[in-house]
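First up is the structure itself, then whatever we jot down about it.
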Amino acid sequence: MFRWTCCVAFLVLLAGCSSGEEAIPSTSICGGLPLRDEALTDLDQVLAAAVAGPGELAIEPVQDGQFYGVYREPWTDEVRLVASQEELDRDQSLRDIVAPDSMDWDREMLALVGEGQSHRWYRMRIAEGTLEVHVGRPTACVEAGGIRAGFFVWSYTRVYRIPKVDQARLVVHEGLFRMPTFETLGACGEPEGPVVNGWSDSPAVVSTPEGGFRMWFTGHSNWMFDTSSRDGINWTPDGAEEAHRLSFSGQPSSGASSKPSVLPRPNGYWMFYATGFGSTSAIRRIVSADGLDWKDETVVLEPARNGWEDGMTIDSVSVLEHEGRFFLWYGMTDSAHVGRLGLATSDDGLSWTRVGSAPVLEPGPRGTFDEQGISTPTVAFRDGHFVLWYTAIYGGVERVPSNSVLAMATSHDGVKWTRATHPLLFQPIGGFWVTNPNAVVEDDGYRLWYSSWINGQPAIFHSRCSW
């Protein structure tokens, strides 16, 4: 899944109203800007020129470039100088930072440089007693069907060992580039919603025997709730209500991933969801007779300690029963936030065996709508083949994705997938990001529920689609 992570800064950009794969007209907001690769080359040249000369410092962060002070908001765009060991010891905010044993405090000091993940390069120089830290910050200008936004920024602190200086300053060089644009398949109608009020995210929807729908979703702080609807648009309750908050083994639900998968069973429901990060992440199964009170939580899949999953986080899941077997597609995200999909199968829903030793779906080639990651799968079976809906991420820089769409792929075996030629849906007008699709197949098409960030919080939308 794409997790709505608590991040340090959210940079909102402007947008226009263009679609299609042709170049954006020059009259649009982003039309006169270079594409990403050209902009990055230009930005690198600007930085090199800014520090050229005898004062340039060619140094690496101390201790092999380890990051320190994760999530220190004040340092996102700041340089702080530390002149002594006593200062390190005295300031509790510096408790994670360790000076090298060979540090000569009479002649040297530490420079703490706030690094947002949008920063591409650091170049340094010392001029007249001032440390200048020049930063390149690529920024995407996004246009595709309405207002579009920038990206989340995480903040880290890098620690550099430098000669003594009197002061320091950070110089930020912006590198604005335009994003690629894509036509959609034209299969889905306009987004309807938000269909659930308040903070609502990650819908898991199933059809009911009575002809309606039931949804499980995450509210604020990852509490999980349920709601019901006759038409899939009007829900009762219409938001997160305490009486509909799920109970896991007698305790209020919390800590589940942003993309659960619910599978109706003859005696109730199974829910599969992801928890944790990195090696501690896992997919868990929990069961319920009524969809509100859940019990018998069991870990069913953890990241493999070798191969392509090593060091990655399991963060989303979709489970399907087909011809007496259970199929579990799971999203894996690496430290650069690039997602891939794996597959495991089971005869009982508890013991799972991975299929193959590689992802079943990886990011597409550069310039495509899923070039930077694939996540939050949901899968159905129709007319002899599996259909996959997923979040496709594209257009960002290194660790910072800038935009997403919903996309489709089909497969005869669930392993080898053929992508659709175009994305399926952009985010709603006024929304940022689109993710967490959940599909219900009907006779004349399918219904999609999905998340988008709007008015400062995630919300659930709905679209009717045709094949």
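The values are calculated or read from the model by the stated rules, or taken from the named source; none is laboratory data. Please read these numbers as outputs of a predicted model, since none were measured by experiment. Please note: Cβ atoms are built from the backbone with ideal geometry, for glycine as well, and neighbour counts cover all protein chains shown.
The set of residues in the range 379-435 that are at negative phi, at pLDDT below 95, within 13 Å of the chain's Cα centre (by Cα) and among the aromatic types (Phe, Trp, Tyr) comprises 394, 432. If the condition is being in a loop (DSSP other than H, G, I, E, B) and either modelled with pLDDT under 95 or crowded, with 20+ Cβ neighbours inside 10 Å (or both), then the range 325-355 contributes 334, 335, 336, 337, 338, 352. Scanning the range 60-95 for residues that are surrounded by 12 or more Cβ atoms within 10 Å (Cβ to Cβ), of a type outside the set (S, T, N, Q) and modelled with pLDDT of 75 or more yields a total of 9. Tell me whether the range 197-214 contains one or more residues that are among the small types (Gly, Ala, Ser) and in contact with a Lys or Arg (Cβ under 6 Å, 6 or more places away or on another chain). Among the residues of the range 197-214, at least one is among the small types (Gly, Ala, Ser) and in contact with a Lys or Arg (Cβ under 6 Å, 6 or more places away or on another chain), which makes the answer yes. Tell me, which residue of the range 109-136 that is among the hydroxyl-bearing types (Ser, Thr, Tyr) and buried (at least 19 other Cβ atoms within 10 Å of the Cβ) is modelled with the lowest pLDDT? My answer is 118.
Of the numbered criteria (1) within 30 Å of residue 82 (Cα to Cα); (2) buried (at least 16 other Cβ atoms within 10 Å of the Cβ); (3) modelled with pLDDT of 75 or more, the one residue 187 fails is (1).
Pairing each residue of the range 153-170 that is in the same structural domain as residue 132 (by TED's automatic domain parsing) and assigned to a loop (DSSP other than H, G, I, E, B) with any residue that is at pLDDT below 80 and among the hydrophobic types (A, V, I, L, M, F, W, C), provided the two are 6+ apart or on different chains, yields C-beta distances under 7 Å for 154/7; 154/8. Checking 238, 231, 226 one by one, the residue that is part of a strand (DSSP E or B) and among the acidic types (Asp, Glu) is 226 and no other.
Considering only residues in the range 436-451 that are in a strand (DSSP E or B) and either within 22 Å of residue 178 (Cβ to Cβ) or charged (D, E, K, R) (or both), the one that is modelled with the highest pLDDT turns out to be 447.
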